[in-house]
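Engineer: Structure incoming, see below.
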Amino acid sequence: MRKYVIMGVQGSGKGTQSELLETGLDLVHISVGDIFRWHVQNHTKLGAQVRRAMNAGELVGDDLVESVVRDRLDQHDWNFGFVIDGFPRNGRQAEFFMESYDIDGVIHLELPDDEVRRRVLSRRLCPGCGMDYNLIADRPEVEGRCDICGTQLVKREDDTPEALAARLRDYHEKTRPVLELFRRKEVVHDVDARPSPEEVQQEIRRVLSLPAYEPSASSAGA
Ligand code: AMP
C-alpha cells in the first residue's frame, strides 16, 4: 500500500493534484480541510468547534486534528493507498503521523508567496458539489455559476487577505519545519507548482515512479 503526503502552501494546488492522483491510480484523497469544511457546512458539533479557527485562518487544535485523522485512516477504504493533504502541519502532528504510519513519499509543491496571494484570492468554490474554480486559470463557463450543478459559486470563508496572511505566517513558521523533519528521512520530493496542473501532475508521478498521467483517462477538471 502506498502512503503519500502532499504539502505546500495554500493555493499551491494540493487539492487539484491529489484529485488527479486519485483519478486512474486508485489512490484515495484524504483532505483534512475538506473533512472540517463538511462538518462546518453540516453544523455538526465538530463543525462548531473548528469554525472560528478556520475562518480566522488559524490551525485547529492538535488533539481534534489527530482524532479526525485517526478516525479517517481507520476506515481503510483504499486498495492502492492514499494521499493525505493538509496534514501534518506542525511538528507534533508529524510525530504522531510518523509513529503510526510509514510514509512512502512526501510531495512538496513549491510556490512563491506572491503567486499564492494571486491564486488564493481568485479561488471560488461550489457549495453544491464541491467543485473548485479559479477566476484566473479555471473560470466557470457562466460567470458565478458551477459548470456541473449550476449552484452560485462562493469564496471560501477563509480566503480573505487577513486569513491568508495568517495562513502564510503559520505555514512558514510551523509547517516548513515539518518538511525539514521529513527531509531527514529522505522522502521529500520538491515539485515546482507554477506550471499547468497537468504538467505538475506528470512531474509528481515521475518523481514517485508512478504510471504517467493520461488526461483522457481523467474526469478531473484540473
Ligand atoms: P485547508 O483546506 O487544508 O487549507 O484547511 C482549511 C483549514 O482547516 C485550515 O486553515 C485550518 O484551520 C484547518 N486545518 C486543516 N488541516 C489542519 C491541520 N492539519 N492542523 C490544524 N488545522 C487544520
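A short reminder: the numbers here are calculations on the coordinates, not readings from a lab. A quick note: this is a predicted structure, and the numbers were derived from the prediction, not measured. Cβ placement follows ideal geometry from the backbone for every residue including glycine, while neighbour counts extend to all protein chains displayed.
Engineer: Rounded to the nearest 0.05, what FRET efficiency do Arg194 and Arg169 have when you use their Cβ-Cβ distance and R0 = 22 Å?
Structural biologist: Numbers: r = 22 Å, r/R0 = 1.00.
Taking R0 as 22 Å, the efficiency between Arg194 and Arg169 is 0.50.
Engineer: Rounding to the nearest 20 debye, state how big the charge dipole of the chain is about its Cα centre with +1 on each Lys and Arg Cβ and -1 on each Asp and Glu Cβ.
Structural biologist: 480
Engineer: Tell me the volume per residue, in Å³, of the convex hull enclosing the alpha carbons of segment 1-64. If you can, show how the numbers build up before the last one.
Structural biologist: Working: hull volume 7.4 nm³, N = 64.
With only Cα atoms used, segment 1-64 gives 116 Å³ per residue.
Engineer: Per 0.36 nm of contour for each residue apart, how much would the distance between Met98 and Glu214 grow if the chain were fully extended, relative to their Cα-Cα spacing? Please report the intermediate quantities before stating the final value.
Structural biologist: Details: separation 116, 0.36 × 116 = 41.76 nm, distance 3.20 nm.
Using 0.36 nm per residue and subtracting the Cα-Cα distance, I get 38.6 nm.
Engineer: If I model a spin label as a point 7 Å beyond the Cα along the Cα-Cβ vector, how far apart are those points for Asp34 and Asp147 in nm?
Structural biologist: 1.8
Engineer: So, one more: Would you kindly state how much longer the chain becomes between Val154 and Leu64 on full extension, computed as 0.36 nm times their sequence separation minus their alpha carbon distance, in nm to one decimal?
Structural biologist: Details: separation 90, 0.36 × 90 = 32.40 nm, distance 2.68 nm.
Result: 29.7 nm gained on full extension.
Engineer: Determine, for Lys185, Lys45, the number of other Cβ atoms within 10 Å of each Cβ, and report the residues in order from fewest to most. Provide the component values of the computation, followed by the final result.
Structural biologist: Values: Lys185 11, Lys45 7.
In increasing order of surrounding Cβ atoms, one gets Lys45, Lys185.
Engineer: Structure shown: which of Lys155/Lys185; Lys3/Lys155; Lys14/Lys174 lie over 29 Å apart, alpha-carbon to alpha-carbon? Before the final figure, lay out the partial values.
Structural biologist: On the way: Lys155/Lys185 38 Å; Lys3/Lys155 31 Å; Lys14/Lys174 18 Å.
From the list (Lys155/Lys185; Lys3/Lys155; Lys14/Lys174), the Cα-Cα distance tops 29 Å for Lys155/Lys185; Lys3/Lys155.
Engineer: Something else now. Pop a pseudo-label 7 angstrom from the Cα along the beta-carbon direction at both Asp114 and Arg184 and give the gap in nm to one decimal.
Structural biologist: A separation of 3.5 nm, rounded to one decimal place.
Engineer: Sorted by packing (mean other beta-carbon atoms within 10 Å per residue), highest first, where do 82-91, 27-36, 95-104 land?
Structural biologist: Details: 82-91: 22.2, 27-36: 19.9, 95-104: 13.7.
Result, highest mean first: 82-91, 27-36, 95-104.
Engineer: Could you bin all the Cα-Cα distances of the chain into 5 Å bins starting at 0 and give me the percent of pairs in each, rounded to whole numbers?
Structural biologist: 1, 6, 14, 19, 21, 19, 13, 5, 1, 0
Engineer: What does the highest-first list of 206-213, 159-166 look like by mean Cβ count within 10 Å? Working shown, then result.
Structural biologist: Working: 206-213: 13.4, 159-166: 15.5.
Top to bottom by mean Cβ count within 10 Å: 159-166, 206-213.
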